[in-house]
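The values are calculated or read from the model by the stated rules, or taken from the named source; none is laboratory data. Everything numeric in this text was worked out from a predicted model, so none of it was measured. For neighbour counting, all protein chains shown are included, and Cβ atoms are generated from backbone atoms with ideal geometry for every residue, glycine included.
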Amino acid sequence: MRSAPLVRTLVLLLAAWACASPAVAGQTVTLLNVSYDPTREFYDEFNAAFAADWKRRTGDTVVVNQSHGGSGKQARAIIDGLQADVATLALGYDIDALASIGHLIPADWQKRLPSNSTPYTSTIVFLVRAGNPKGIRDWGDLVKPGVAVITPNPKTSGGARWNYLAAWAWARSQPGGTDATAEAYVKALYAHVPVLDSGARGATMTFVERGLGDVLLAWENEAQLAVRELGVGKFQVVAPSQSILAEPPVTVVDKLADHHGTRKVAEAYLGYLYSPQGQELAARHYFRPRDAAARAKYASQFPEVKLVTIDQAFGGWTKAQAAHFADGGSFDRIYGVR
Amino acid sequence: MSRVAHGSRRLLIGVALLYLAVFLLLPFAIVFGEAFAHGVATYVAALTDPAARSAIVLTLTVAAIAVPLNLVFGVAAAWAIARHDFRGKSALVTLIDLPFAVSPVISGLIYVLVFGANGWFGSWLAEHDVRVIFAVPGIVLATIFVTFPFVARELIPLMQLQGRDEEETALSLGASGWQVFRRVTLPNIRWGLLYGVLLCNARAMGEFGAVSVVSGHVRGLTNTMPLHVEILYNEYNPTAAFAVASLLALLALVTLAARAMLEAREPDLRHATRAVQVAQATSP
């Protein structure tokens, strides 16, 4: 019985902690941006720039907290109660889940901001070891004997799904290409994959730190970042003849932001992504900006690649997801009977 | 014959030492080597970084809540099991072992299913603005779950081994229950108790899987030290990752040193521990 006051104190402490961390304390506003793996460095810098801008415009201090992980996992966490004010995920399908499963945002969320709610885009490129010893130039080279390809698991990784669809779209666009030849190509491709990581950053680490594989299929920004962080001269980026236009969209998580009373600042935060400053920062972190001026300024780091969109090539994410990544989809056929 | 035996003994010892060196000492050396790869200043900077500091504070806080709770529970459970016979006793013993048998990831998911937005209590918690999952309480709960058996598991065999003679003598001489516990039981079990607490603490600070599921990974708010290590490593910052990891490694060293000291002071504990191991190894 002696321990009762102790236990009571602890319970009180726990409860106090649970209720603490409200959105507004004095003049400080807190936002939580739940994002996917390769945006860490970009949002680090962007958050500081936005906070400075917001302070100048309103006098309020805004603190933006970040959470990063595989895109699908992050969507799941928001649905399970992670208190995101804004979600900036790898693909529209994951944000769709916030509407269809979580009922946290309206179904037409993607129409609310310009350019499909996608302030920056990216594409899928190849990262190879310095000097490109295996002579990898295009998708066809990936299935040559002795080439090991690193790409994460499309069941859990948004980036991996873009990789998969880019490969599929390329194979189908070859002379005589059909869905059947594309499936045969992608199957051959996955026979060259020694390990499936769960997320894009994990796959990058497998390739650059553990030294596995000859080529990494990666987000353009992820590949460029790896080259910059790990020293130019160890790796180089190869742009294939054709790739896919990856659109990682953003949205305010209406229900949670309204509950926190942060809608105004959350909307301003996303708006700032479209501003010249936001676009410039995105370009500096190797995301392809929508803004023409920023695009021109950083033209040298974005090689011209023929880009197909998910709508053109696959009729949108819902169809692509059902045909390729749902249980029984093409990925299960390919990987199950490898 | 004896020369052969002598040779094979040397060989075995050599193999064991080599195994230890490759699988234990080498990783340990690498952690510290990498942590100091860019000098002491970088090491200190990595540990005083706000995100690292908050991870350290959170880890200490979580341990400070989980360990005392499991201490109280462990003593109570061990007392009940070693000193009393009751129906369902073996079921209780099995339950205490459950966290050892369950994968930590499952332990975390259980709490998501119970307290998550779509879980049993999710809507009630949301209405009252109480956050459990993806906040500190969830991390504390998951940590309590995985560190639950350490104290009880250490004490039960020790108390069974010691028997109840001394306590019954004290009772027959007129001591109250509380007096018996404080004057007789506690002194008998104190070293085992301390050892259980050490192990419990080491696991509480080092837990990754269960905490990873319920954390939400919000930098500066819900990242514990092990989670922060992973994030730093994934951010192309291996030196800082190893710096934080070196603190966890130090914790392991301190735990081991404390264990050695305890065993030196209290040879009984070693016997008890060994008896426990034999009992566990031979029980079906």
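Would segment B:35-43 turn up any residue that is modelled with pLDDT of 90 or more, surrounded by fewer than 16 Cβ atoms within 10 Å (Cβ to Cβ) and within 25 Å of B:G216 (Cα to Cα)? Within segment B:35-43 (the criterion being modelled with pLDDT of 90 or more, surrounded by fewer than 16 Cβ atoms within 10 Å (Cβ to Cβ) and within 25 Å of B:G216 (Cα to Cα)), the answer is no, since none of the residues qualifies.
Name the single residue, out of those in segment A:52-71 being farther than 17 Å from A:P248 by Cα and crowded, with 19+ Cβ neighbours inside 10 Å, that is nearest to the other protein chains (Cβ to nearest Cβ). Give the derivation first.
Step one: filter segment A:52-71 for residues farther than 17 Å from A:P248 by Cα, giving A:52-65.
Then keep just the ones that are crowded, with 19+ Cβ neighbours inside 10 Å; that gives A:54, A:62, A:64-65.
Working: A:W54: 19, A:V62: 14, A:V64: 10, A:N65: 5 Å.
Applying the filter and picking the extreme gives A:N65.
Here are A:T206, A:T151: which of them is buried (at least 19 other Cβ atoms within 10 Å of the Cβ), closer than 30 Å to B:T239 by Cα, touching a residue at least 60 places away in the same chain (Cβ under 8 Å) and among the hydroxyl-bearing types (S, T, Y)?
Details: A:T206 fails: touching a residue at least 60 places away in the same chain (Cβ under 8 Å).
When all the criteria are applied, what remains is A:T151.
Given the condition assigned to a helix (DSSP H, G or I) and either surrounded by 11 or more Cβ atoms within 10 Å (Cβ to Cβ) or touching a Phe, Trp or Tyr at 6+ places or on another chain (Cβ under 7 Å) (or both), answer yes or no: does some residue in segment B:2-14 qualify? Spell out how you get there, then give the answer.
Going through segment B:2-14, the residues assigned to a helix (DSSP H, G or I) turn out to be B:2-14.
This time we only want the ones that are either surrounded by 11 or more Cβ atoms within 10 Å (Cβ to Cβ) or touching a Phe, Trp or Tyr at 6+ places or on another chain (Cβ under 7 Å) (or both), so: none.
No.
In summary, helices (runs of 4 or more DSSP H) completely within segment B:52-153 and bearing 3 or more residues that are under 18 Å from the mean Cα position of the chain (by Cα) occur at B:89-101, B:104-115, B:136-147.
Cβ separations smaller than 7 Å between residues 6+ apart or across chains give the following pairs from segment B:128-142 residues that are facing chain A (nearest Cβ under 7 Å) and closer than 8 Å to B:V214 by Cα to residues that are polar (S, T, N, Q) and in a helix (DSSP H, G or I): B:F134/B:S215. Residues in segment A:223-248 that are over 20 Å from A:V308 (Cα atoms) and acidic (D, E): A:E229 alone. Output the number of residues of segment A:224-239 satisfying the condition of being within 20 Å of the chain's Cα centre (by Cα) and either part of a loop (DSSP other than H, G, I, E, B) or within 13 Å of chain B (Cβ to nearest Cβ) (or both). Going through segment A:224-239 one residue at a time, the tally reaches 7. Could you tell me which of the residues A:V253, A:V265 is more than 20 Å from the chain's Cα centre (by Cα) and buried (at least 22 other Cβ atoms within 10 Å of the Cβ)? Within the list A:V253, A:V265, the selection yields A:V265.
On inspection, B:S123 passes the criterion of being within 12 Å of chain A (Cβ to nearest Cβ), under 30 Å from A:A97 (Cα atoms) and hydroxyl-bearing (S, T, Y).
Here's the yes/no breakdown for (1) in contact with an Asp or Glu (Cβ under 8 Å, 6 or more places away or on another chain); (2) in a helix (DSSP H, G or I); (3) within 14 Å of chain A (Cβ to nearest Cβ):
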| site | (1), (2), (3) |
| --- | --- |
| B:V213 | no, yes, yes |
| B:T222 | no, no, yes |
| B:L232 | no, yes, yes |
| B:Y236 | yes, no, yes |
| B:A241 | yes, yes, yes |
| B:V244 | no, yes, no |
| B:A249 | no, yes, no |
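Within the bounds of segment B:47-54, is there any residue that is surrounded by 13 or more Cβ atoms within 10 Å (Cβ to Cβ) and touching a Ser or Thr at 6+ places or on another chain (Cβ under 6 Å)? Looking for residues that are surrounded by 13 or more Cβ atoms within 10 Å (Cβ to Cβ) and touching a Ser or Thr at 6+ places or on another chain (Cβ under 6 Å), one finds none in segment B:47-54, hence no. Count of segment B:73-113 residues, restricted to those that are within 14 Å of chain A (Cβ to nearest Cβ), crowded, with 16+ Cβ neighbours inside 10 Å and without any contact (Cβ under 8 Å) to a residue 60 or more places away in the chain, is 1.
Of the residues A:V195, A:V186, only one is assigned to a loop (DSSP other than H, G, I, E, B) and of a type in the set (A, V, I, L, M, F, W, C); which?
That would be A:V195, the only listed residue that is assigned to a loop (DSSP other than H, G, I, E, B) and of a type in the set (A, V, I, L, M, F, W, C).
Just the residues that are among the hydrophobic types (A, V, I, L, M, F, W, C), farther than 16 Å from B:A55 by Cα and crowded, with 24+ Cβ neighbours inside 10 Å, please, taken from segment B:190-209. Within segment B:190-209, B:C200 is the sole residue that qualifies. One residue alone among B:R164, B:R182, B:R190, B:R203 is more than 14 Å from every other protein chain (Cβ to nearest Cβ) and without any contact (Cβ under 8 Å) to a residue 12 or more places away in the chain, and that residue is B:R190. With respect to being among the charged types (D, E, K, R) and more than 14 Å from chain B (Cβ to nearest Cβ), A:D197 falls outside the description.
Of the listed requirements (1) within 11 Å of chain B (Cβ to nearest Cβ); (2) touching a residue at least 12 places away in the same chain (Cβ under 8 Å), A:D80 misses just one: (2). If the condition is being within 18 Å of A:A171 (Cβ to Cβ) and part of a helix (DSSP H, G or I), then segment A:286-318 contributes A:I310, A:Q312, A:A313, A:F314.
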